[in-house]
Amino acid sequence: MNDKESDTMEPGEAQYVVFEGVRLIAKGGMLEAALAVYRAGRNKDAGPIVALNAVTSELAEPDLRGGEDGIRERYAPGTKDATAMPRGRPKLGVTAREVTLLPRHWEWLEKNPAGASARLRSLVETAMRASGDDDSRRNAVEAVERFANALAGDLPNAEEASRAFYAGRMRDVLALTADWPEDLLGHYIELVGRTRK
């Protein structure tokens, strides 16, 4: 990835990593990831190419139609349709869905001066704040598992390292993965580190 392309990242834009086999070939926004996948795919000697969200390790499948020009047009910063309106009430951007509660729950909610919807939103926000650390840690653990399954499953000691990770034996994880390829190990350790926060 060249400096010009890496400067196209928007604040808050998702980060991606692209591996060709066990070698990291790109890290950046979707534009950088898509270009790396496209370029590597044109090389007939390229190994397996995998693009993942750098934080969640979810598989990314960029649209490569139109070659590099099509990719730049599609993923350049500011290409999203700014006039699109979100679903739900425009002011809040809420989405209506069915909620099933017992009659006593509805009675309690209806006694709230702000209304049932406002009270439900308040309860959900409180629960989200209370479970934030647990949710963050669980998401980080899932990201490690996804990454290991996608790229490290065939590496030496992969199963043992996974068992040590889930048992919280970080010294063993480091010892078991010490011989892994540098790029892959670097990202794996970065993901493992996020589970310790």
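The values are calculated or read from the model by the stated rules, or taken from the named source; none is laboratory data. The model shown is predicted, which means the values in this text are computed figures rather than measured ones. Cβ coordinates were reconstructed from backbone atoms using ideal geometry, including for glycine residues, and neighbour counts include every protein chain displayed.
Of the residues making up region 113-143, those that are loosely packed, with under 14 Cβ neighbours inside 10 Å and more than 28 Å from the chain's Cα centre (by Cα) are 113, 114, 115, 118.
Quick one: is residue 187 touching a strand residue (DSSP E or B) at 6+ places or on another chain (Cβ under 8 Å), surrounded by 11 or more Cβ atoms within 10 Å (Cβ to Cβ) and not assigned by TED's automatic domain parsing to the domain that holds residue 60? The answer is yes for residue 187.
Return a yes/no flag: does region 60-67 have any residue that is aliphatic (A, V, I, L, M), over 23 Å from residue 146 (Cα atoms) and modelled with pLDDT under 65.
At the first step, the residues of region 60-67 found to be aliphatic (A, V, I, L, M) are 60, 64.
Still in the running and over 23 Å from residue 146 (Cα atoms): 64.
Imposing the further condition that a residue be modelled with pLDDT under 65 reduces the set to none.
Within region 60-67, none of the residues are aliphatic (A, V, I, L, M), over 23 Å from residue 146 (Cα atoms) and modelled with pLDDT under 65.
Taking into account only those residues within region 162-193 that are of a type in the set (Asp, Glu) and part of a helix (DSSP H, G or I), which is nearest to residue 146 (Cα to Cα)? So the residue we want is 190.
Mind listing just one residue for me: the one in region 115-161 that is of a type in the set (S, T, N, Q) and not in a helix (DSSP H, G or I) and, of those, modelled with the highest pLDDT?
Residues of region 115-161 that are of a type in the set (S, T, N, Q), as a first pass: 117, 122, 126, 131, 136, 139, 149, 157.
Then keep just the ones that are not in a helix (DSSP H, G or I); that gives 131, 157.
Values: 131: 73, 157: 95.
Checked region 115-161; the qualifying residue modelled with the highest pLDDT is 157.
When each of 14, 26, 46, 40 is tested for being modelled with pLDDT of 85 or more, assigned to a loop (DSSP other than H, G, I, E, B) and either among the β-branched types (Val, Ile, Thr) or in contact with an Asp or Glu (Cβ under 7 Å, 6 or more places away or on another chain) (or both), the lone residue that passes is 46.
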